[in-house]
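The values are calculated or read from the model by the stated rules, or taken from the named source; none is laboratory data. The model shown is predicted, which means the values in this text are computed figures rather than measured ones. Neighbour counts are summed over all protein chains in view; Cβ atoms, including those assigned to glycine, are modelled from backbone coordinates with ideal geometry.
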Amino acid sequence: MINQEFLEKLEYSISKALSNSSDKALKSIWCDGILMPDLEGNLVQKTIHDTRAVEVTALMGRDGQDSYKMILRFGDKSVSRNARNLDLLTCIPNTDSDDWIIIDEHRKEVEIILD
C-alpha cells in the first residue's frame, strides 16, 4: 500500500539513483517530496489494480522545488502486493541504476517504474 514510509523511501531512492546516473544532466536533479492526491485509500488501490498506475505530484528539479507530474507505474510484484495491502518498499528498484526513472524536464513530468 502507498503510505508515508513508502513515499519517503521512494523520494530518497529517486535522488540516490539520479546521483548515480551516467547521464551528467540527471546527476543534479533530486526529489524533495512526493505528494499523494486527496483520495480515499480504496480508490487509490482500485485505480492501481485497474490501470497499474497512479498520478502523484513530486517536488523535483535542480533545486528540488519544482512541481512535477509523477506517474507511478506498477509492475506485477507491486500490483500484487498493493492488492493485498502489503508493504511496497521491496518494489522500489535498486538505486545503482536509473533505468526505472524517465524524466522530461521541459514538461516537468517523471515516470517511475516499480517492480
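Brief remarks follow.
- Enumeration of residues in the range 37-56 that are outside any helix (DSSP H, G or I) and surrounded by fewer than 17 Cβ atoms within 10 Å (Cβ to Cβ): P37, D38, L39, E40, R52, A53, E55
- Beta carbons closer than 6 Å, at least 6 apart along the sequence or on distinct chains, pair a first residue in the range 92-104 that is under 15 Å from L10 (Cβ atoms) and at pLDDT 95 or above with a second that is in a strand (DSSP E or B) and not hydrophobic (A, V, I, L, M, F, W, C) for I102/E111.
- Residue in the range 75-91 that is under 23 Å from L26 (Cα atoms) and either exposed (fewer than 14 other Cβ atoms within 10 Å of the Cβ) or charged (D, E, K, R) (or both) present: no
- Test result for E55, under 19 Å from L114 (Cα atoms), free of Cβ contacts under 8 Å to residues at least 60 places away in the same chain and touching a Cys at 6+ places or on another chain (Cβ under 8 Å): no
- Being farther than 15 Å from I2 by Cβ and among the β-branched types (V, I, T) is a property that does not hold for I92.
- Any chance A25 is in a helix (DSSP H, G or I), farther than 22 Å from D115 by Cα and of a type in the set (A, V, I, L, M): yes
- Pairing residues of the range 26-38 that are more than 12 Å from E5 (Cα to Cα) and touching a residue at least 24 places away in the same chain (Cβ under 8 Å) with residues that are surrounded by fewer than 17 Cβ atoms within 10 Å (Cβ to Cβ) and of a type in the set (D, E, K, R), at Cβ distances under 6 Å and at least 6 apart in sequence or on separate chains, gives S28/R62.
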